[in-house]
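Working notes for the structure below.
Taken together, the values in this text are just the output of simple stated rules run on the coordinates, not laboratory data. All figures in this text were calculated on a predicted structure; none of them were measured in a lab. Here the Cβ positions follow ideal geometry from the backbone for every residue, glycine too, while neighbour counts run over all protein chains shown.
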Amino acid sequence: MAQDYAAPYFEGIEQGELRAQRCTACGNAQLHPRRRCAECGSKELTYFTTNGQGTLYTFATIYRSAPSAFIDQVPYTLGVVTLEDDVRMLTRIVGAEDADLHCDMPVHLTMSSFGEGPTLPCFTPATLASDGGSLDE
Ligand SMILES: [Zn+2]
């Protein structure tokens, strides 16, 4: 069960939204949810809904030696996305082949699920169609 401080984040996922925290003491924005601000330690955090637009900061495709929970999903791509809302997150990059990806390319939020797993906030290149959904192939 989610911690109370993280509940708005998971409610957002259910509604197709990616919500981040902003510290009212220092203005720092952060993802994923934390009990305290990672910059100043304040507990005065509020949630805002990101616009789901960002750029791909870096990425790597996993071909082997994945954790057992993901072994049946290789190859898959992990990326670090810098959102326009001033937060950066480690996420799955979906709907694109390695050769289609490059750093600084525009990406946007898409909700995806993998196998029997939960819905997760993922990102896909903004130039490609994205309808989210399951990625079972
Ligand atoms: Zn702070």
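Which percent, nearest 5, of DSSP beta bridges in the chain are antiparallel?
Working: 30 of 33 bridges.
Here the antiparallel bridges make up roughly 90 percent for the chain.
Under 5 Å between amide H atoms, partner at least 5 residues away or on a different chain: which partners does ASN28 have, H built in plane at 1.01 Å?
CYS23
How much mean residue ellipticity at 222 nm does the chain get from its helices, if each DSSP H run of length 4 or more adds -39500 (n - 2.57) and you divide by all residues, to the nearest 500 deg cm²/dmol? Display every interim value, and only then the final one.
Numbers: 1 runs with 8 residues, N = 137.
Estimated from H runs of four or more residues: -1500 deg cm²/dmol.
Quick one: 3J(HN,Hα) in Hz for the stretch 116-125, Karplus 6.51/-1.76/1.60 with θ = phi - 60°, rounded, Gly and Pro as x.
With the stated coefficients, the stretch 116-125 comes to 8, x, x, 5, 10, x, 10, 10, 9, x Hz.
Amide H of THR58 versus every other amide H placed in the peptide plane: which residues, excluding those fewer than 5 positions away on the same chain, fall under 5 Å?
VAL80
Based on Cα positions only, what radius of gyration and what Dmax would you give for the chain, in angstroms?
Using the Cα atoms of the chain, the pair Rg, Dmax is 15.4, 46 Å.
Pulled fully out, how much extra length does the chain show between GLU44 and ALA60, if you take 0.36 nm times their separation in residues and subtract their Cα-Cα distance?
Details: separation 16, 0.36 × 16 = 5.76 nm, distance 3.47 nm.
Residue separation times 0.36 nm, minus the Cα-Cα distance, leaves 2.3 nm.
Whose amide H sits under 5 Å from the amide H of ALA126, counting only residues 5 or more places off or on another chain, with H placed in the peptide plane?
Under 5 Å from the amide H of ALA126 lie the amide H atoms of VAL107, HIS108, each far enough along the sequence or on another chain.
Please report, in debye to the nearest 20, how large the charge dipole of the chain is about its Cα centre when each Lys and Arg carries +1 at its beta carbon and each Asp and Glu carries -1 there. Working shown, then result.
On the way: 9 positive and 18 negative charges, 133 e Å.
So the dipole magnitude of the chain works out to roughly 640 debye.
Lone cysteines in the chain, defined as no other cysteine's Cβ under 4.7 Å from theirs: which are they?
So far as the 4.7 Å Cβ criterion goes, CYS103, CYS122 stand without a partner in the chain.
So which chymotrypsin sites (Phe, Trp or Tyr not before Pro) in the stretch 13-117 pass both tests, a DSSP loop state and at most 12 other Cβ atoms within 10 Å of the Cβ?
Details: sites: TYR47, PHE48, TYR57, PHE59, TYR63, PHE70, TYR76, PHE114; in loops: TYR63, PHE114.
Answer by residue number: TYR63.
If I take R0 = 22 Å and measure r between the Cβ atoms of ARG36 and TYR76 in this structure, what FRET efficiency does the formula 1/(1 + (r/R0)^6) give, to the nearest 0.05?
Working: r = 32 Å, r/R0 = 1.43.
Taking R0 as 22 Å, the efficiency between ARG36 and TYR76 is 0.10.
Would you kindly state how much longer the chain becomes between ALA25 and ALA126 on full extension, computed as 0.36 nm times their sequence separation minus their alpha carbon distance, in nm to one decimal?
On the way: separation 101, 0.36 × 101 = 36.36 nm, distance 3.37 nm.
Length gained between ALA25 and ALA126: 33.0 nm.
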